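The values are calculated or read from the model by the stated rules, or taken from the named source; none is laboratory data. These figures come from a predicted structure and were not determined experimentally. No Cβ is skipped: glycine too gets one built from the backbone with ideal geometry, and neighbour counts run over all protein chains shown.
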Amino acid sequence: MTRPRVVVVYNPDKPYVEATKATLMEDLRRRIDVVATGAIAETTRLAESNPDRLIVLGGDGSILAVVRALKERQVPIIGVNFGKLGFLAEFTAEELDKNLALAVGDSAIVSPRMMITAEIAGNGRQAAQSVAVNDCVVQAGPPFRMIELSVSVNRDHLTNISGDGLVLATPNGSTAHNMSVGGPILQPETRAIVLSPISAHSLTHRPLVFAGDSVIEVVACSVNEGTTLVIDGQVSLPVHVGDRITVRRWPADFQLVRNPAQAEWHTLTTKLKWGR
């Protein structure tokens, strides 16, 4: 029987990862075919070995970086949590050891989750584009005056929002920045895009949920010197007056291997304390 081919990437900035990596890798190599290993920054190169699974040692932020690096070449990801929340990194090292055969086998629970892409262009400069796993956030930034953004959906003008910005989130990202600004929580496998204003100077602007194939355009009408477009809290692009930000679904879903020892809503109720 062919053993599963697995790539292992790790976050070298987490001391506990370095302290336990050697022991964990030794155990993995006894049970599966580890075809490559390296730091998160090497993800794109390591994934060229066409593995069956990609194990990420780190936290949720590590998984976000890995998924964006994979882009169209998505591989089912097993997240081993060495961070704090562990919303995406569902396994502890001990749980992975106990459930490894299930996680890498044909009976694994693999959750497909949509991603979005944001393109920003304007003022005669070359367009910049980035894939987002969780969200694209327009933040007012310093000197923290109110900004104005014009929003259109599928080429139809929707509204102008004055406030501290807005969040455009995937269902997977609905429990991140979107939740913090009062946006709705969506089941991760849903196909939708959430728009949530940030501190809108209006009593009537409320979060909206659009179909996953919607194209949302945001034009910067009035911004600050420090206004930025932030992708997954990790990539930051400057926003200037007249810039147009176009957000749409990315053609590939990322695939998250679920922890079979956890109920579907375990993270929401246990880690985020929903309803408690």
Out of Val56, Val138, Val66, sole residue that is modelled with pLDDT of 95 or more and either in the same structural domain as Ser180 (by TED's automatic domain parsing) or over 22 Å from Ala176 (Cβ atoms) (or both): Val138
Looking only at the range 169-178, decide whether some residue is in a loop (DSSP other than H, G, I, E, B), surrounded by fewer than 19 Cβ atoms within 10 Å (Cβ to Cβ) and of a type outside the set (D, E, K, R). no
Would you be able to tell me the number of residues in the range 1-53 that are surrounded by 14 or more Cβ atoms within 10 Å (Cβ to Cβ), of a type in the set (Ser, Thr, Tyr) and in contact with a strand residue (DSSP E or B) (Cβ under 6 Å, 6 or more places away or on another chain)? 3
All conditions in (1) touching a residue at least 40 places away in the same chain (Cβ under 8 Å); (2) more than 19 Å from the chain's Cα centre (by Cα) are true of Leu237 except (2)
Strands (runs of 3 or more DSSP E) fully within the range 54-159 counting 3 or more residues that are on the phi < 0 side of the Ramachandran plot, surrounded by 16 or more Cβ atoms within 10 Å (Cβ to Cβ) and aliphatic (A, V, I, L, M): 77-81, 116-122, 147-153
Output the residue which, of all residues in the range 238-264 that are of a type in the set (A, V, I, L, M, F, W, C) and surrounded by fewer than 17 Cβ atoms within 10 Å (Cβ to Cβ), is farthest from Arg53 (Cα to Cα). Val241
Among the residues of the range 1-53, how many are among the acidic types (Asp, Glu) and part of a helix (DSSP H, G or I)? 5
Does the range 212-231 contain at least one residue that is under 14 Å from Val167 (Cα atoms) and of a type in the set (S, T, N, Q)? yes
